[in-house]
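Chemist: Here's a structure for you.
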Amino acid sequence: MKSKLFITLKSPHEFGGLELVRASAKGAESGLLLFEDAVIFAANAKKGKELLSAVQEVYIMKDDWEARGLPLAVPEFKIVDYPQAVELIMERYEQTITV
């Protein structure tokens, strides 16, 4: 099964794709990359843990995270810069799915 990287820009209040991610990621190596307001997931331990229950890795865009000045409530999340995000999208995962 192909490895899958899911990408979202939606905040925890707008995001409704968790079950879709969970079903699509089942049995595959999977990750979720958080851009823009989606980085707010990292400041909410409960919502962040929900993401980790659906995928194996969660990545946070460093610039978006720093721009919001939020505390990191989910230490398992990995903060990445743009070159690392490009590597995840182009090299690390076989499929990229925006949710």
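Chemist: When you go through (1) more than 14 Å from the chain's Cα centre (by Cα); (2) under 14 Å from V99 (Cβ atoms) one by one for K26, which number turns out not to apply?
Modeler: For K26, the failing item is (2).
Chemist: Against the definition (closer than 12 Å to V99 by Cα, hydrophobic (A, V, I, L, M, F, W, C) and open to solvent by less than 60 Å² (accessible area, probe 1.4 Å)), how does L5 come out, yes or no?
Modeler: yes
Chemist: Restrict the check to region 78-87 and report whether at least one residue is touching a residue at least 40 places away in the same chain (Cβ under 8 Å), open to solvent by less than 80 Å² (accessible area, probe 1.4 Å), over 16 Å from V21 (Cβ atoms) and outside any loop (DSSP other than H, G, I, E, B).
Modeler: The answer is yes; a qualifying residue exists.
The values are calculated or read from the model by the stated rules, or taken from the named source; none is laboratory data. What you are looking at is a predicted structure, and each value in this text was computed from that prediction instead of being measured. For neighbour counting, all protein chains shown are included, and Cβ atoms are generated from backbone atoms with ideal geometry for every residue, glycine included. To get the accessible areas, we keep the full protein, side chains included, count just its heavy atoms, and leave off ligands, DNA and RNA. Shrake-Rupley method; radii C 1.70, N 1.55, O 1.52, S 1.80 Å.
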